[in-house]
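First the structure, in the form of structure tokens, and then the observations on it.
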Amino acid sequence: MLPRPTSVQLSAENFALGAGAHVAFDDGLDSVAAWLRDAISLPLPPGEGGLRLTIDQNQPLEGYALSTAPDGVVIAGGSPAGVFYGAQTLRQLLFDGDGGRLPVGRVVDAPRFRMRGVMLDVARHFMPVPDVLRFIDLAAFHKLNHLHLHLTDDQGWRIEVPGWERLTEVGARRSATMLGARVHDRYDDRPHEGFYTTDDLRRIVAYAAERFVTVIPEVDMPGHMQAAIAAYPALGNGWSGPVRTSWGISTHVLNMSDQTLSFCRDVLAHVCSIFPAELIGIGGDECPADEWVGSPDLARLGLDGPSAVQPWFTGQMAAFLGSLGRRVFGWDELLTRGAPPTAVLAAWRGRRPTVVAAKAGFDVISCPDISCYLDYRQSDDPGEPTPVGTLLTLADVYAFDPVPHGLTESEAAHILGGQANVWTEHMESPRRVDYMTYPRLCAFAEAVWSTPDRDFPAFLDRLKPHLRHLDALGVNYRPLSGPRPGDARPAAPGNPRTLPDRLAELHEMTADLRR
Ligand code: ACM
């Protein structure tokens with residue numbers, strides 16, 4: 001089973017959960033029962049004799065005990081989410097058993113972390129709604145419970161906002177896409193476009209909620225905003241131009257006028273009307289201050305130079321989100337750029353920001369690039385598609401621990417969990433997303449769900465039958481033996497990095513945290 005449960009006691013004796021089985025369930029578990037019928041393709045009419053889904057207050061909130069015996073299968077969860085995870089485990093057991101047979105025994109299980117997330121970048125490459133729903137299904141299958149949707153960036157704006165139609169008329173379309181790493185300066189000549197309507201996003205939120213996945217939206221600001229500024233040049237600092245076609249970071253950022261602040265509040269209010277999550281992402285990463293040099297906003301707002309702009313802006317957005325009862329979710333740059341004490345920070349610039357944020361008393365989601373960035377290359381094989389970043393093998397992801405060494409118990413308690421990040425510059429299709437995401441997300445899921453002891457060979461033994469399950473679900477995962485001939489993407493060449501080079505770069509990038 002994967003992720004590895006806390007305790008598994010299964011015997012060689014087995015039985016069939018037949019087509020005549022019924023399901024009995026406590027109040028509030030009807031949607032879990034409905035999900036399970038679909039997932040295991042059994043009619044499971046309501047009634048006694050077969051399966052029982054029940055709430056047991058003695059179980060941890062997301063934990064469960066699954067007991068299997070010929071006279072009945074019982075899933076007792078600490079909450080509906082716990083029952084759902086027990087049902088996911090039952091689904092795996094049924095798949096692994098021959099002809100739908102179940103072993104007799106008991107599985108007791110609960111997650112190590114309460115935030116087990118995956119980020120999907122739908123800005124660099126738009127992903128149609130049905131593929132997003134499938135992405136959520138697969139995340140929930142691995143007992144992940146958060147989907148961070150990166151909805152906007154320099155290269156595309158993907159959320160319809162009433163009153164700001166040009167965001168999607170102009171900002172959701174770029175004229176061409178860079179092929180491969182930036183150093184090659186190579187492009188296709190094809191427009192890329194797409195955006196989600198309000199109804200699309202509501203559908204995604206509802207579908208995720210049925211699978212106990214909370215969707216955390218992110219609108220990156222005040223940098224990574226070139227697509228919005230292409231649509232409304234008045235949001236910027238005198239620049240006008242197209243949605244960015246190259247990768248990398250745009251210097252075109254928001255100005256701090258009342259109108260621009262009002263735009264940001266409109267967008268966030270709309271986002272909050274769609275997404276019930278407590279955490280609302282405002283990004284805040286990689287925001288160059290070049291355009292704020294000499295800006296009239298400085299004197300008007302009494303700001304002490306360009307580096308004071310982002311902290312001030314973050315404060316404004318945090319106050320607004322607070323007034324709507326929400327909490328700021330942002331990248332770890334906010335540590336020195338105005339994070340309010342209630343912010344939850346996604347610590348990505350290597351391992352140091354997780355430590356610094358936790359020591360400073362911030363709640364943290366640990367996602368160091370060198371362990372959790374699934375756009376980074378999976379092997380040194382020249383057949384890997386667009387190899388970028390440092391080498392991040394399945395074993396490397398499996399070894400990830402969201403809690404770094406050197407924290408006290410109370411500091412470590414600020415680490416809410418971990419997140420794997422699927423940046424899609426080099427993932428031009430859902431099939432490519434599958435290839436880069438799986439099976440590494442299986443290893444990640446174990447790192448955030450299971451107890452911290454690790455045994456990679458034992459993980460591989462469990463992964464092999466699990467891959468057959470992914471085959472049945474149509475997942476285009478990377479084979480353990482390496483890329484297939486058709487997986488290479490020679491038209492989109494990469495730029496592999498070494499770990500020492502990247503660590504040196506991260507040291508520079510996080511100089512702000514040592515001052
Ligand atoms: C990031 O990778 N810019 C968060």
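For the chain, the share of alpha carbon pairs falling in successive 20 Å distance bins from zero is 22, 55, 21, 2 percent. Multiplying each eigenvalue of the alpha-carbon gyration tensor of segment 1-119 by 5 and taking the square root yields semi-axes of 21, 17, 13 Å, largest first, rounded to whole angstroms. Segment His469..Asp199, full-extension length gain: 94.0 nm, with 0.36 nm per residue of separation and the alpha-carbon distance subtracted. Which listed residue (Leu335, Gly406, Ile249) has the Cα farthest towards the positive end of the charge dipole for the chain, taking +1 on Lys and Arg C-beta and -1 on Asp and Glu C-beta about the Cα centre? Farthest along the dipole direction, towards plus: Gly406.
Each label point was placed 7 Å from the Cα along the Cα-to-Cβ direction; for Ala34 and Ser257 their separation is 4.8 nm. Taking GluC sites (Glu not before Pro) in DSSP loop states with no more than 15 other Cβ atoms inside 10 Å as exposed sites, the chain has its longest site-free stretch at 279-515. Amide H contacts for Ile159 (H built 1.01 Å from N in the peptide plane; partners 5 or more residues away or on another chain; cut-off under 5 Å): Tyr196.
Backbone N atoms of segment 369-397 closer than 18 Å to the 7 Å Cα→Cβ label point of Leu460 belong to residues 378-381, 392-397.
Rounded to the nearest whole Hz, the Karplus-based 3J(HN,Hα) values (6.51 cos²θ - 1.76 cosθ + 1.60, θ = phi - 60°) of segment 382-395 follow the sequence x, x, 5, x, 5, x, 10, x, 7, 5, 9, 7, 4, 5, with x at glycine and proline. For segment 94-174, applying the loop criterion from DSSP together with a ceiling of 16 other beta carbons within 10 Å to the trypsin sites (Lys or Arg not before Pro) yields Arg114.
Gyration tensor over the Cα atoms of segment 83-232: the corresponding equivalent ellipsoid has semi-axes (square roots of 5 times the eigenvalues, largest first) of 38, 17, 14 Å. Extension gain for Arg91-Ala319 works out to 77.7 nm (0.36 nm per residue, less the C-alpha to C-alpha distance). If R0 is taken as 45 Å, the Cβ-Cβ distance between Glu13 and Asp380 corresponds to a FRET efficiency of 0.45.
Relative to the current alpha-carbon distance between Thr6 and Asp453, full extension at 0.36 nm per residue lengthens the span by 159.8 nm. Orientation-averaged projection of segment 152-219 equals 5.9 nm² [convex hull of Cα atoms, one quarter of hull surface area].
Would you calculate, for the chain, the mean residue ellipticity at 222 nm contributed by helices, counting each DSSP H stretch of 4 or more residues as -39,500 (n - 2.57) and dividing by all residues, to the nearest 500? After summing the helix terms and dividing by the residues of the chain, the value is -9500 deg cm²/dmol.
Using Cα-Cα distances under 8 Å and only pairs 6 or more residues apart, what relative contact order does the chain have, in percent?
14
Once the Cα atoms of helix 309-323 and of the chain are each reduced to a long axis, what angle between those two axes, in degrees from 0 to 90 to the nearest 10, is obtained? Orientation of helix 309-323: about 50 degrees from the principal axis. Residue ranges 491-498, 394-401 sort as 394-401, 491-498 when ordered by packing (mean number of other C-beta atoms within 10 Å per residue, highest first).
FRET efficiency for the pair Thr336 and Lys359, taken as 1/(1 + (r/R0)^6) with r the Cβ-Cβ distance and R0 = 22 Å, rounds to 0.95. Think of each Lys and Arg Cβ as +1 and each Asp and Glu Cβ as -1; about the Cα centre, that makes the dipole of segment 115-269 roughly 340 debye. Considering only Gly18, Ala491, Thr198, and ranking their Cα positions along the charge dipole of the chain that arises from unit charges at the beta-carbon of Lys, Arg, Asp and Glu, the one farthest toward the positive end is Gly18. Sequence-ordered 3J(HN,Hα) estimates for segment 58-68 from the Karplus curve with 6.51, -1.76 and 1.60 and θ = phi - 60° stand at 7, 7, x, 3, 9, x, 7, 10, 10, 10, 10 Hz, glycine and proline given as x.
For a paramagnetic label modelled at 7 Å from the Cα of Glu48 toward its Cβ, which residues of segment 21-41 fall within the zone defined by backbone nitrogen distances under 19 Å? Residues 21-27 qualify, since their backbone N sits under 19 Å from the label point.
The distance between label points at Asp189 and Ala234 comes to 3.7 nm (points 7 Å beyond Cα on the Cα→Cβ vector). The charge dipole of the chain, taken about the Cα centre with unit charges on the Cβ atoms of Lys, Arg (+1) and Asp, Glu (-1), comes to about 380 debye, rounded to the nearest 20.
With an a/c value of 1.5 or above and a/b not larger than b/c for the gyration tensor axes a ≥ b ≥ c computed over the alpha-carbon atoms, segment 404-515 is described as oblate.
Derived value for segment 121-196: Kirkwood hydrodynamic radius 13.8 Å. Basis is the mean of 1/r over every pair of different alpha-carbon atoms. Computed over segment 1-57, the P(r) tail beyond 12 angstrom holds 72 percent of alpha carbon pairs.
A short reminder: the numbers here are calculations on the coordinates, not readings from a lab. Just so it is clear, the model here is predicted, and its values are computed rather than measured. Methodologically, a virtual Cβ is constructed for each residue, glycine included, from the backbone with ideal geometry; neighbour enumeration extends over all protein chains shown.
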